[in-house]
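The values are calculated or read from the model by the stated rules, or taken from the named source; none is laboratory data. Just so you know, these numbers come straight off a predicted model, no measurement behind them. As a convention, Cβ positions derive from the backbone with ideal geometry for all residues, glycine included, and neighbour counts pool all protein chains shown.
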Amino acid sequence: MEIFRALKEYYWQDKGFLWGSVAGLAIATALGLVYPLLLGTLIDDMIVPAKFEGVLGLSLIAVGVICVKAGFQYVHGFSGGRLGNRLAYRLRNASYEKLQQLSFSFYDTARTGDLMSRLTADIEGIRNFIGFGFAQLLNTIFLVLFGFSMMFFIDWKLTLMTLVIIPVLGFIAIRFEQNIHPVFRSIRSVVGRLTVSVQENITGVRTVKSFAREPFELKKFAKGNVDYRDNHLQLANVWAKYFPMIEFIANLSVAALLLAGGWRVINGSLTLGDLVALSGMLGLIVAPLWTLGFQINNYTQSKAAGERLLELLYQPISVKNRTDCLVLEDEAVLGHIRFEETSFRYANRDDQPSALLSFNLDAPAGSVIGLLGGTGSGKSTAVGLLLRAYDVGEGSVTLDGVDVRHIELASLRSQMAIVFQESFLFSASIRENISYGCPDASSEEIEEAARLAQAEDFIRELPLGYDTVVGERGMGLSGGQKQRIAIARALLRKPKVLILDDATSALDMETEHEIQTAIRKVMAGRTVFLIAHRISTLRHADEIIVLDRGRTMQRGSHDKLIKLPGLYRETYRIQYADRPEELDAAASSSKSAVERRVTG
């Protein structure tokens, strides 16, 4: 029960509903045991002696018991429903809140479909058990206690004979749970993988169809579906093995009671009414014992679901606020960024070299810094450390002289805005997407940001303009259009530090130039980081840093780097191979610089 003790904080505050559900079901069950007694009384006191004047009164008592029992069943259903729904509400909120708190490193390996499965199917499994299954499991115990107590009162010898089944059924139930729990654990895992497969396929359906990979996707899904089927077949085998055994033993006890009790009735040592009452009570006790396997099944499912939920809820947060963290005042922030001997290695890539090694940078407020390098060179890692998506391994990153690890996360990130290469848009209107970081922005401010991002023209051409709802992840817009909306979203925030992570890669050269001109105007006095593969994006930066495998290979302005042999000039030569006049000018500049050094 460790799983349910760990989840106690989510349902124990409603323990009144829990006990109400248990008590309501227990009393309703106890009242159900009155029927065999009434039937025994009817036989012994009225039918056998032919005294029928009391039948009406006995019938009214039975009707009264039925009404009271129905009332307590209502209490059970009402209390269990309230308890389960409130538990699910709190668990869902807590899980979603934890997802918001988890660091970037968690999402580096997390699978969306699996997380969705935990927040839906797993929570539902817990809700059903805590709300109703737990009460039904306890009710089985109460029914056995109440039933055998009443049977013992009627005839203790026959009762002791039937009690033999209880330890046998208990042993079978324990073995059943031990065999079925690993199966349910596996089923939950397979459901998560299937959800991931469906989610990825739907999200990437255009890629799938473009490459005609539908057969491959069908095979991949079929493999997961086969695993799901095989697990359920294994589950069915466990059921097929244990359920008949439980039913056989339970029915064997009924047969033994009828045989022994019938013989005593014939001998006159037991009345017919008592035998009918005992038989009826044993039938009421045996019925839930038959379903004990289903209740254990329900318990085991919820246990497996609880393990997966607790795995999420107890997931460590690698980047979090310190107890004495600093809250920045907007007016006091300048935007002076420094990296000092900064090194970093991703936690899940221990077999790979550092993503950033002894990185140094001094970016005064208002400067424009360019980062150039191939994939895996460390560009995005550097700005990730600035955002404190990850904490540095060695060295430090400071904002206006304060280590970012000492600044409250929300306060730090409120001073920054970032535009990623893959622009994400929500399923909402364009107006809502642009104002996502500034929900109180006026229409004029939103439209001004769109003009600066060169997005207004195409927005005005849409059917509803700024109120046009874009599809999931911005479907319906081109890559360049999504990037411009994302840039508008960042500019609207008027951050002290703007980060453009290859944010203009989907734009043509002319539009990129216009956006850069607008950014230089609106970001005057603010610090800008430009991450790009294109020289044209970086050539106007105050300082360009060339990275390769986490190491700084070159640094300087465009005019300086173009004169020096190295990665920057090689990249420039490749990108401008179809514009020889640019290359000739660069070569002449480089030759003059060499001659000046020689003559000097």
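Is it the case that the stretch 84-91 has a residue that's among the small types (Gly, Ala, Ser), under 38 Å from the mean Cα position of the chain (by Cα) and under 26 Å from ILE187 (Cα atoms)? Let's see the steps before the verdict.
First pass over the stretch 84-91, keeping only residues among the small types (Gly, Ala, Ser): 84, 88.
After this cut, where a residue has to be under 38 Å from the mean Cα position of the chain (by Cα) as well, the list is 84, 88.
Restricting the remaining residues to those that are under 26 Å from ILE187 (Cα atoms) gives 84, 88.
Yes.
Counting only residues that are in contact with a helix residue (DSSP H, G or I) (Cβ under 7 Å, 6 or more places away or on another chain), hydrophobic (A, V, I, L, M, F, W, C) and closer than 17 Å to ASP501 by Cα, which one in the stretch 357-385 is surrounded by the fewest Cβ atoms within 10 Å (Cβ to Cβ)?
Restricting to residues being in contact with a helix residue (DSSP H, G or I) (Cβ under 7 Å, 6 or more places away or on another chain), hydrophobic (A, V, I, L, M, F, W, C) and closer than 17 Å to ASP501 by Cα, the top hit is LEU371.
Taking the condition farther than 30 Å from TYR35 by Cα, assigned by TED's automatic domain parsing to the domain that holds VAL164 and part of a helix (DSSP H, G or I), does VAL226 pass? Walk me through how you get there before you give the answer.
Values: farther than 30 Å from TYR35 by Cα: yes; assigned by TED's automatic domain parsing to the domain that holds VAL164: yes; part of a helix (DSSP H, G or I): yes.
The answer is yes for VAL226.
So ARG451 clears everything in (1) assigned to a loop (DSSP other than H, G, I, E, B); (2) modelled with pLDDT of 85 or more; (3) farther than 29 Å from LEU328 by Cα except one condition, right? Which one?
Every condition holds for ARG451 apart from (1).
Could you please give the count of residues in the stretch 1-47 that are of a type in the set (Val, Ile, Thr) and within 28 Å of GLU307 (Cα to Cα)? Before the answer, list the steps.
We begin by selecting, within the stretch 1-47, every residue of a type in the set (Val, Ile, Thr); these are 3, 22, 27, 29, 34, 41, 43, 47.
Narrowing further to those that are within 28 Å of GLU307 (Cα to Cα): 3, 22.
Here the count works out to 2.
Based on what the data block shows, is ARG118 among the basic types (Lys, Arg), closer than 16 Å to TYR11 by Cα and surrounded by 15 or more Cβ atoms within 10 Å (Cβ to Cβ)? Full working, then the answer.
Working: among the basic types (Lys, Arg): yes; closer than 16 Å to TYR11 by Cα: no; surrounded by 15 or more Cβ atoms within 10 Å (Cβ to Cβ): yes.
Here the answer is no, as ARG118 does not meet what is asked.
Being modelled with pLDDT of 85 or more and of a type in the set (Ser, Thr, Tyr) is the filter; apply it to the stretch 1-58 and report the residue that is farthest from the chain's Cα centre (by Cα).
SER21
Would you check if ASN231 is at pLDDT below 80, assigned by TED's automatic domain parsing to the domain that holds THR162, in contact with a helix residue (DSSP H, G or I) (Cβ under 9 Å, 6 or more places away or on another chain) and part of a helix (DSSP H, G or I)? Please lay out each step first, then the result.
Details: at pLDDT below 80: no; assigned by TED's automatic domain parsing to the domain that holds THR162: yes; in contact with a helix residue (DSSP H, G or I) (Cβ under 9 Å, 6 or more places away or on another chain): yes; part of a helix (DSSP H, G or I): yes.
Answer is no for this residue.
What pairs can you find where one residue is in the stretch 251-268 and without any contact (Cβ under 8 Å) to a residue 60 or more places away in the chain and on the phi > 0 side of the Ramachandran plot, the other is of a type outside the set (A, V, I, L, M) and surrounded by 11 or more Cβ atoms within 10 Å (Cβ to Cβ), and their Cβ atoms are less than 7 Å apart, with a gap of 6+ or different chains?
Final answer for the pair search is none.
Could you grab me the full set of residues in the stretch 377-393 that are part of a loop (DSSP other than H, G, I, E, B) and under 26 Å from the mean Cα position of the chain (by Cα)?
Step one: of the stretch 377-393, the residues part of a loop (DSSP other than H, G, I, E, B) are 377-378, 388-393.
Matches in the stretch 377-393: ARG388, ALA389, TYR390, ASP391.
Looking at the stretch 333-354, which of its residues are over 28 Å from the mean Cα position of the chain (by Cα) and at pLDDT 85 or above?
Within the stretch 333-354, VAL333, LEU334, GLY335, HIS336, ILE337, ARG338, PHE339, GLU340, GLU341, THR342, SER343 meet the criteria.
Output the residue which, of all residues in the stretch 468-518 that are among the small types (Gly, Ala, Ser) and in a loop (DSSP other than H, G, I, E, B), is modelled with the lowest pLDDT. It would help to see each step written out before you state the result.
Residues of the stretch 468-518 among the small types (Gly, Ala, Ser): 471, 474, 476, 478-480, 486, 488, 490, 503, 505-506, 518.
Subset that is in a loop (DSSP other than H, G, I, E, B): 471, 476, 478, 503, 505-506.
Values: GLY471: 68, GLY476: 70, SER478: 78, ALA503: 65, SER505: 62, ALA506: 56.
The extreme case among them is ALA506.
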